[in-house]
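Take a look at the structure set out below.
The values are calculated or read from the model by the stated rules, or taken from the named source; none is laboratory data. Bear in mind the structure is a predicted one, so any value in this text is a computation, not a measurement. Note that we place each Cβ from the backbone using ideal geometry, even for glycine, and neighbour counts take in every protein chain shown. These area figures cover heavy atoms from the full protein model, side chains too; ligands, DNA and RNA do not enter into them. Shrake-Rupley method; radii C 1.70, N 1.55, O 1.52, S 1.80 Å.
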There are 2 protein chains.
Amino acid sequence: MELQHDSTGGSAGGTGNTAVTRGVSCIVKLGGAAITCKNELETINEENLKIVASQLRQAMIFGPCHGMDWSRRPGSSDIPNVVDNFDDQVEVESKKFVVVHGAAPHILASGSFGHFQASKSGVHKGGLTRPIVKSGFVATRISVTSLNLEIVRALAKEGIPSIGLSPFSCGWSTCEKNLTVADASTVGGAIDAGFVPVLHGDAVLDSSLGCTILSGDVIIRHLAGQLQPDYVVFLTDVFGVYDRPPTDPEAVLLREIAVREDGSWSVVKPKTEDTSKQVEITVAAHDTTGGMVTKISEAAMIAKLRIDVYIVKAATEHSLRALQGLSRENIPDDWLGTVIRYAR
Amino acid sequence: MELQHDSTGGSAGGTGNTAVTRGVSCIVKLGGAAITCKNELETINEENLKIVASQLRQAMIFGPCHGMDWSRRPGSSDIPNVVDNFDDQVEVESKKFVVVHGAAPHILASGSFGHFQASKSGVHKGGLTRPIVKSGFVATRISVTSLNLEIVRALAKEGIPSIGLSPFSCGWSTCEKNLTVADASTVGGAIDAGFVPVLHGDAVLDSSLGCTILSGDVIIRHLAGQLQPDYVVFLTDVFGVYDRPPTDPEAVLLREIAVREDGSWSVVKPKTEDTSKQVEITVAAHDTTGGMVTKISEAAMIAKLRIDVYIVKAATEHSLRALQGLSRENIPDDWLGTVIRYAR
């Protein structure tokens, strides 16, 4: 199957920064489905987010941790519990991670953070001179930065030195929906200073259309190219990529997909008897950015950079193992998920 | 009196961007004292903030407005009230404004957003390798971005197309506490696209110290130099600058202060009989960034750029008139506030 670049970010080639941060272990995509309640407007799945934060900490920090969210919760009068006795002698060893979350659709979607605001006003189609688009742009940014703040707080509470970074604020912009200005030096500077940048899908300026929506998946692909992490993990709400809709009782989890230089890909594991059989993948009509076809396409473009991609169900033992990094050569049979990698 | 640059940002000269946005009417400083409850941790003065937002709208937008905050409030299950019938035919005339708010101290402070977190950990003094400083940095950013989001939402609710911009995310950084990297092109791009950027005092990286706190006042001075607004308004919790602490019943409001090229300044109005009499200004011990000496120093540096500065009490008729722009030549007698301007 030949993959095509989608329209939002195929040519991020001219957007590179010069000073490249080295030694990044992992870029993690927190899928909207994994951390928000899809059928409730702007409701975080607190339980899942807490587990995700805990697993991220276990995967990246080796040593004592302190809560780093000292702020009052909205509606609460609790005084923050600040640790007074930090042990400044302990050097904490940690891996370099970057987190990206979504919640901004290309086209239209009912759903959680950002989707509603963006779809209502058509921010992705541009036209900033129209009052409804301008209002939608402002509303979308409020919505996605609210979600970003919640995720940063959840990670900080767990002891992860998370720093929220908005693509718009970083000066990132597009032309005809392609990412054209995307200097990663602020992201790199934050990583080098020992922080975990947390980026998000965002409403951005477009030099041709006026504005558009930059999706989390495009951000991940761009950062993967810039930062060359050891691996990328997509946390989602199903165990991985299936040969047909996961709700179908006959659905088979695809354990490993190999991507060739020309962008074509094939299922390596499990081996199918009928090699000509097309993988059936259905995109859920309500999820225009997180659909499986888009996911495989995005993952394949990262795999072509020689970076392994794991698609795995959030808040499970399998996501923890993926975040910790799986052995390239020997994926254990009891690990449930999909590996998408370059065909050597 | 000879003014000295303070240590955080005296030399922002080498930080300019090339593409300068033209026609900015006003940069507004929302003083922490004016919009938060100083003696309660992280509590917004909702009433004042609502009035400030309404006055800003009146001063900058001439035509129909729509609420632009379509997000659910924390703890509320209300469905956002989205206006369905935007009138796309109406061209809304508006002035270009920039808003900056503070809440990050240089030294130490009890108080509201950011102060507590920064003072507890000494983020302003640097030393990011120390766990408590790193944690304090994360906690400070969570706190100030929370406040930023609240202000952006309040402005958007009023119909102002506000866009939150964090100096850290914009890539701004310091060296020995002096602002050395501060490209204003993202701010300018947002203004040119018809938005009102809302910046804030922030924890930033420092190439010498590791990190420090960048105050709202330093940001305002830098942006004033870059954007050359017609005037700058400092919204605070007193009527202006007095000759002694405002709590003193003998205190006299200084109506006009003239700043000379060498940085020295004198009171033009009211005329004092004893011209050698020193103005007594006391800095409140609890407010290390918002003290009057700092305020006059910062204002004087802006006035030296030939930009008039109004210091005025927030949420009063006087603040509305200041935001709308006072006639340079004829400040009305019934206007209460302090004008700081260049001595021609």
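Return the average number of partner chain Cβ atoms within 10 angstrom of each residue Cβ along peptide A:330-339. Spell out each step's value before the answer.
On the way: counts 0, 0, 0, 0, 0, 0, 0, 0, 0, 0.
Per-residue shielding by partner chains comes out at 0.
Heavy atoms of the protein only, probe of 1.4 Å, neighbouring chains included. What is the accessible area of A:D262 in Å², nearest 10?
Number for this one is 90 Å².
Full-extension gain between A:D334 and A:K271, please, as 0.36 nm times their residue separation minus the C-alpha to C-alpha distance.
Difference between extended and current length: 21.0 nm.
Note the distances from A:V268 to each other copy's matching label point, with points 7 Å along the Cα-to-beta-carbon direction, in nm, sorted shortest first.
Here the equivalent label points are 7.6 nm apart from this one.
Quickly work out the A:R306-to-B:Q58 label distance, labels modelled 7 Å from Cα along the C-beta direction, and quote it in nm with one decimal.
6.5 nm
Mind giving me the FRET efficiency for A:E261 and A:E176? R0 is 30 Å, r the Cβ-Cβ distance, nearest 0.05 is fine.
0.70
Explain nothing, just compute: Karplus ³J(HN,Hα) = 6.51 cos²θ - 1.76 cosθ + 1.60, θ = phi - 60°, for every residue of the range A:258-270 in order, whole Hz, x for Gly and Pro.
Result, ordered by residue: 9, 10, 9, 4, 7, x, 6, 9, 8, 7, 8, 8, x Hz.
Using label points projected 7 Å from each Cα along Cα→Cβ, tell me how many nm separate B:T43 and B:S208, to one decimal.
Using points 7 Å along Cα→Cβ, the separation is 4.0 nm.
Need one number: nm distance between label points at A:T316 and A:K50, each 7 Å from Cα along Cα→Cβ, rounded to one decimal.
With each label placed 7 Å out from Cα toward Cβ, I get 2.2 nm.
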